[in-house]
Amino acid sequence: MTLTEQIKRYVLDNCGMDAVGVARADALDDERGGHRPEDLLPGAKSVIVFLKRIPDGIWQAAFRAREDGNADARSIYAAFGRELTPNLNLFFMSFNLAQYIERTYAFPAVPVPAGEMQNVTPTNTPLPAFVGAKHVQYVLHPARAAVAAGLGEIAWNNSFVTAENGPRQGIGLVVTTMELDCDAPYAGPRLCRPEECGVCARICPTHAIPAPGGESEPFEVGGTAYRTACINANACAVASMAFRKEFSGKADVPDQILCDDPDDETLKKAYQEKPPAYWSLGHHPDYYCDLCKLYCPLGNWQARFGDAGLSGFDGKAAVK
Ligand code: SF4
Ligand code: SF4
C-alpha cells in the first residue's frame, strides 16, 4: 500500500468518513490571498479532502418542519444536519488526521475548519459572515478543494454536490507539506444541469438565486474554468437568517427586513440589532431556509425522499 493509500484508509476506516480525495495544493492557487493552501502552510503540497454524508433521517426532519409544520423537527436538522454534529465530527476528525500524519510521517499537517466551526466571530463583522465583498466565510474554500480532489462538482445553487448524495454531506480538510499522489480535479459526468432543472432558483423565497442562464460567477480550479450562479447573499440572508417572521423557526423573530433584497446598510443595521440566538452554536444561525439544498434533486432525491413518502414536494410548487 502506498503512503497515500494508507492515509486514505485511515480517513475511511479510522475517521469513519464516506469518501476521500487528495488535491494538489497548487490547484487552489487561484483562491484569494490569505486563503490558499500555501498561505496557511508554507510549502503545502497536498490537501486531503474528506466527506461525511448527512443521514437521510436528519435531512427529512427538515421536511417535517417545512411540510408538516413541526417546528421542533427543525431542531433535529439544525443540530445534526447543519451546526453541531457534522461540524464537530469533521472538526475532530481533521484534528485526528493532522495528528496521525505528523505522528506517523513527520510532516506538518494543518486541520482547516470548514462550515460553521470557523474562527469567525459574527459580532466583529458588520455584515453576516457570508455576505459582502470581504466575506469571511472560508479559511480555505471547502467546495473548491473538494472539486480539486476529484470528489464532485459545485452546483448552480453553489453547493458542493456528489453523484451519490447531492448536496447532503459535510466537508473536512487537512493541508500538509507531504507530497501525496494527488487526484485529478473532478471530470466526471455533469451532475447539475440548471437549464433542465432550476428547482433551486424557482423555490428560493427571496429570489436570491438567478434563473438558469442568469448571472453567473467564474472560478478556476487546477486550471479548469467553472461557473456557478451569482447568488445575491443579501437576499439569501433575509430568509436563511430569518430577518422576517415568516422565516422564523420554533422561536419567533421580529419583522426586521420587509423587502427581499436589502442594501448593505439595511442588512448591517438589522444584523446589529438582531437578538442573539443563545440556543445555537452560532449566535446568528443561517439554517432557517436551505430550500435550495433540501429540494435539490441530485443524489437520487426522488427515490430517497419523494418515492419513500418522506416529502410531498413535486419539484414545482413553492415550499414555505
Ligand atoms: S436544484 Fe437543480 S439547478 Fe439547482 S443546484 Fe440542484 S440540480 Fe442544480
Ligand atoms: S438558502 Fe434559501 S434564501 Fe438562501 S439561496 Fe437558498 S433558497 Fe434562497
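Which value, to two decimals, describes the C-alpha radius of gyration of segment 1-88 once divided by 2.2 N^0.38 Å?
Compactness ratio reported: 1.49.
Could I have the simple spin-label model distance between Q99 and E195, label points 7 Å from Cα toward Cβ, reported in nm to one decimal?
5.1 nm
If the limit is 21 Å between Cα atoms, which of K250/K316; K52/K250; K52/K293; K245/K269; K293/K316; K269/K293 go over it?
K250/K316; K52/K250; K269/K293
Between D255 and E217, how high is the FRET efficiency from 1/(1 + (r/R0)^6) when r is the Cβ-Cβ distance and R₀ = 45 Å? Nearest 0.05. Mind dumping the intermediate values first?
Numbers: r = 31 Å, r/R0 = 0.69.
With a Förster radius of 45 Å, E is 0.90.
How long is the gain from N300 to E5 if the chain were fully straight, where each residue apart is worth 0.36 nm and the alpha carbon distance is subtracted?
Between N300 and E5, full extension yields an extra 103.3 nm.
What is the set of long-range amide H partners of V110 at a cut-off below 5 Å, with H atoms built 1.01 Å from backbone N?
Under 5 Å from the amide H of V110 lie the amide H atoms of V175, T176, each far enough along the sequence or on another chain.
Rounded if a/c is under 1.5, else prolate if a/b beats b/c, else oblate: with a ≥ b ≥ c from the C-alpha gyration tensor eigenvalues square-rooted, which is segment 170-270?
Cα axes put segment 170-270 in the prolate bin.
Quick one: which residues, 5+ away or cross-chain, put their amide H under 5 Å from the amide H of D18? H built at 1.01 Å from N.
Residues meeting the amide H criterion: L51, K52, R53.
Taking just the C-alpha trace of segment 212-278, give me its Rg and Dmax in Å.
Here Rg and the maximum Cα pair distance are 15.7, 47 Å.
Would you mind calculating the gained length between E67 and H35 on full extension (0.36 nm times residue separation, minus the Cα-Cα distance), in nm to one decimal?
7.6 nm
Looking at the P(r) of the chain, how many percent of alpha-carbon pairs lie beyond 24 Å?
Pairs farther apart than 24 Å: 54 percent.
Amide H neighbours of G166 under 5 Å, at least 5 residues apart or on other chains, H built in the peptide plane: list them.
Placed amide hydrogens put G299 under 5 Å from G166.
What order do you get for 96-103, 40-47, 234-241 when each peptide is scored by the mean count of other beta carbon atoms within 10 Å, highest first?
Values: 96-103: 17.5, 40-47: 19.6, 234-241: 24.6.
Top of the packing list down: 234-241, 40-47, 96-103.
Laboratory data are not the source of any read-out in this text; all were calculated from the coordinates shown. Computed from a prediction, not measured in an experiment: that's the story for all the values here. All Cβ positions, even for glycine, are placed from backbone atoms using ideal geometry, and neighbour counts span all protein chains on display.
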